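K.L.:
This structure is in structure tokens; I'll ask about it shortly.
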Amino acid sequence: MRGRRGAWAGGGALLVVCALVAVWVFGGDDEAAGPPDARARQYQDVDACLLTGEDGIKTGTPAAAVWEGMEAASGDTRARVTHVPVMGEQTAANALPHLNGLIQRGCEVVLAAGEAQTETVRKAAAGHPRVRFVVVGSGRGRGGAEAGNLTVAAPGDGVPGEVANAVRRAVKAAQ
């Protein structure tokens with residue numbers, strides 16, 4: 001089939017294929033798909049976000065035990081948990097844009113593990129009174145008094161439990 005007739009037939013076939021692909025990709029009736037999977041976890045609209053060092057939540061990092069506590073609290077509270085590593089130089093100045101990103105994303109609870117991350121959170125907590133902050137460290141920060149929305153979890157073997165309890169309290173306060 002050459003000429004106009006062939007072009008029209010080819011164009012028509014192409015149009016039919018495109019229409020079928022569009023229906024397949026974009027779906028049809030959503031109600032025909034059935035109910036959602038009953039095993040899927042239904043999360044609350046509360047996000048707990050962890051600011052970590054470059055190695056993230058790998059075993060042996062300061063953030064690993066914090067992540068363990070966050071996951072335990074998520075199971076109880078149904079809060080969504082995520083983590084963001086600070087890439088590059090591990091300084092408070094470099095951690096600040098990452099922290100600001102978590103706050104802009106709407107994290108109701110922000111946790112920090114690592115020296116630079118903890119220092120950044122301690123400095124910024126007072127400026128964000130609606131966000132709950134949890135840091136793993138000892139004593140007070142370098143600025144004296146801590147903000148009222150900041151919880152300090154003592155380092156050591158009890159970190160997962162302390163973090164889980166702190167996240168539970170923070171999620172409850174955020175609701």
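K.L.:
List every residue whose amide H lies under 5 Å from the amide H of V131, counting only residues 5 or more places away in sequence or on a different chain, with H placed 1.01 Å from N in the peptide plane.
P.N.:
The list, which skips near neighbours in sequence, is empty: none.
K.L.:
Now for a different question. Pop out the ³J(HN,Hα) list for region 114-123 in order, Karplus 6.51 cos²θ - 1.76 cosθ + 1.60 with θ = phi - 60°, rounded to Hz; leave Gly and Pro as x.
P.N.:
Couplings: x, 4, 5, 5, 5, 4, 4, 5, 4, 6 Hz.
K.L.:
When Lys and Arg each count +1 and Asp and Glu each count -1, what net charge do the other residues less than 15 Å away from E89, Cβ to Cβ, add up to?
P.N.:
In short, -4.
K.L.:
Right, something else. For a quick check: with amide H placed at 1.01 Å from N, whose amide H comes under 5 Å from L50's, ignoring anything fewer than 5 positions away on the same chain?
P.N.:
T82, H83, V84, L111
K.L.:
How big is the charge dipole of region 54-175 about its Cα centre, in debye rounded to the nearest 20, if each Lys and Arg gets +1 on its Cβ and each Asp and Glu gets -1 on its Cβ? Each step should come with its number before you reach the end.
P.N.:
Values: 13 positive and 12 negative charges, 114 e Å.
It comes to approximately 540 debye.
K.L.:
Report the local net charge at A65: Lys and Arg +1, Asp and Glu -1, summed over other residues whose C-beta lies under 15 Å from its C-beta. Don't skip to the end; give the middle numbers.
P.N.:
Values: positive: K58; negative: D55, E68, E71, D157, E162.
Residues close to A65 contribute a combined charge of -4.
K.L.:
Per residue, how many Å² of accessible area does region 87-175 show with a 1.4 Å probe?
P.N.:
On the way: 4560 Å² over 89 residues.
In whole numbers, region 87-175 has 51 Å² accessible per residue.
K.L.:
Between the DSSP loop rule and a limit of at most 11 other Cβ atoms within 10 Å, which GluC sites (Glu not before Pro) in region 62-163 are left?
P.N.:
Working: sites: E68, E71, E89, E108, E115, E119, E146, E162; in loops: E89, E108, E146.
Counting only loop positions with at most 11 other Cβ atoms within 10 Å, the GluC sites (Glu not before Pro) in region 62-163 are E89.
The values are calculated or read from the model by the stated rules, or taken from the named source; none is laboratory data. In this text the structure is predicted, and so the values were computed from the model without any measurement. A quick note on method: Cβ atoms are made from the backbone with ideal geometry, for glycine too, and the neighbour counts reach across all protein chains shown. These area figures cover heavy atoms from the full protein model, side chains too; ligands, DNA and RNA do not enter into them. Shrake-Rupley method; radii C 1.70, N 1.55, O 1.52, S 1.80 Å.
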